1. Please enumerate the residues belonging to the stretch 135-187 that are polar (S, T, N, Q), open to solvent by 40 Å² or more (accessible area, probe 1.4 Å) and without any contact (Cβ under 8 Å) to a residue 40 or more places away in the chain.
2. For Asn294, only one of the following conditions fails: (1) more than 19 Å from Leu152 (Cα to Cα); (2) at pLDDT below 90; (3) open to solvent by 60 Å² or more (accessible area, probe 1.4 Å). What is its number?
3. Mind listing whichever residues of the stretch 194-222 are open to solvent by less than 20 Å² (accessible area, probe 1.4 Å), among the hydrophobic types (A, V, I, L, M, F, W, C) and either assigned to a strand (DSSP E or B) or modelled with pLDDT of 90 or more (or both)?
4. How many of the residues in the stretch 239-250 are surrounded by 15 or more Cβ atoms within 10 Å (Cβ to Cβ) and either modelled with pLDDT under 85 or of a type outside the set (A, V, I, L, M) (or both)?
5. Where in the stretch 104-188 are there strands (runs of 3 or more DSSP E), lying fully within it, with 3 or more residues that are within 21 Å of Asn277 (Cβ to Cβ) and within 25 Å of the chain's Cα centre (by Cα)?
6. Looking only at the stretch 115-150, which residues are of a type in the set (Asp, Glu) and at pLDDT 90 or above?
7. Look at the stretch 89-103 and say how many of its residues are modelled with pLDDT of 65 or more and open to solvent by 70 Å² or more (accessible area, probe 1.4 Å).
Amino acid sequence: MTKTKGVNETRALFAIKDYFRKCIQRLKKTLKVKLLASDQSHGVDAEPVSLDDLPEECISIIISFTSPRDAFALASVSKTFESAVQSDTVWDKFIPPEYESLVISRSQDFSSKKDLYFALCHKSVLIDDGKKSLWVEKANGKRCIMLSAMHLSITWGDCPQSWEWISIPESRFETVAELVEVRLFEIRGRIKSCILSSRTRYAAYIVFKKGDMCYGLKEVAIEVVVGVVGKNLEESCRRYVCFDEAMDEPFLRRKNLVKPVWREDGWMEIKIGELFNEGGLMNNDEIEMVALENKQRNWKRGLIIQGIEIRPARL
């Protein structure tokens, strides 16, 4: 029994961030020394101090500085840890702080912060007057954002002969942008870095569909770039994509193009780049995402743009 308990405590210590692990170790050592001194003065053999001897509130605070994935693992350590993981103290740290102020009516429907967290994992919520959607990744609590087409800067977007704003039931936003016909294709999106999770590498994707009549995009390389506004972007940051998912692989390899993939929600997405976000509440950087084709100048038609999605990159 003692051996099993020791293994579980070791797993718990490795799951907790390094500095908190050191704090616990120092606390255990201090408690053990004090208890040994007290018990020896009374002629009693002292029992080793265990992590379960810490107050449950203390364990909850420690776990709140880890991640949801760590919390799931720590819940299996012992009954005390399982109970501590259920605390609102833990899950309040994993929920975006602005969430409740933006959707107060929804947050009141949940009996615990843990239920609220899982609701955010499974369904996004609209923010910024319905121009963005927000959700979190289940394992790590990292924020994910989609900028709607309404939030983007689209060249000729206010010209009905070039772009039409329509509503379709499968979109999470009220309206999407349908490409009527243009020669110059240019879409730009910006977002404050402090809105995203700090110290996180993000990837950006254009989320789109094709209309019934779509042309002018086959064998067309769209230049894309993701970077911080006001800072020189290295040439390596630039890449090219093709909106035609049926494009032959030899052509893609020759042009070094990225093609779109289908999503589970029935839309397509195409990766336009990655960026490491330092973030932080005091960081006023703006991240810009650009898709541009101004060289071939052929007529293009038929894309339906839902927006640009920004989520943690897969390593």
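The values are calculated or read from the model by the stated rules, or taken from the named source; none is laboratory data. Remember, predicted model here, so these are calculated numbers, not experimental data. Don't worry about glycine lacking a Cβ; one is built from the backbone with ideal geometry, like all the others, and counts go over all protein chains shown. Surface areas here come from the heavy atoms of the whole protein model, side chains and all, with no ligands, DNA or RNA. Shrake-Rupley method; radii C 1.70, N 1.55, O 1.52, S 1.80 Å.
1. Those that are polar (S, T, N, Q), open to solvent by 40 Å² or more (accessible area, probe 1.4 Å) and without any contact (Cβ under 8 Å) to a residue 40 or more places away in the chain: Ser153, Gln161, Ser167.
2. So the condition that Asn294 fails would be (1).
3. Listed by number, the residues that qualify are Leu196, Ala203, Ala204, Ile206, Val207, Phe208, Ile222.
4. Qualifying residue count for the region: 6.
5. Ranges flagged: 132-136, 143-148.
6. Glu137
7. Count: 3.
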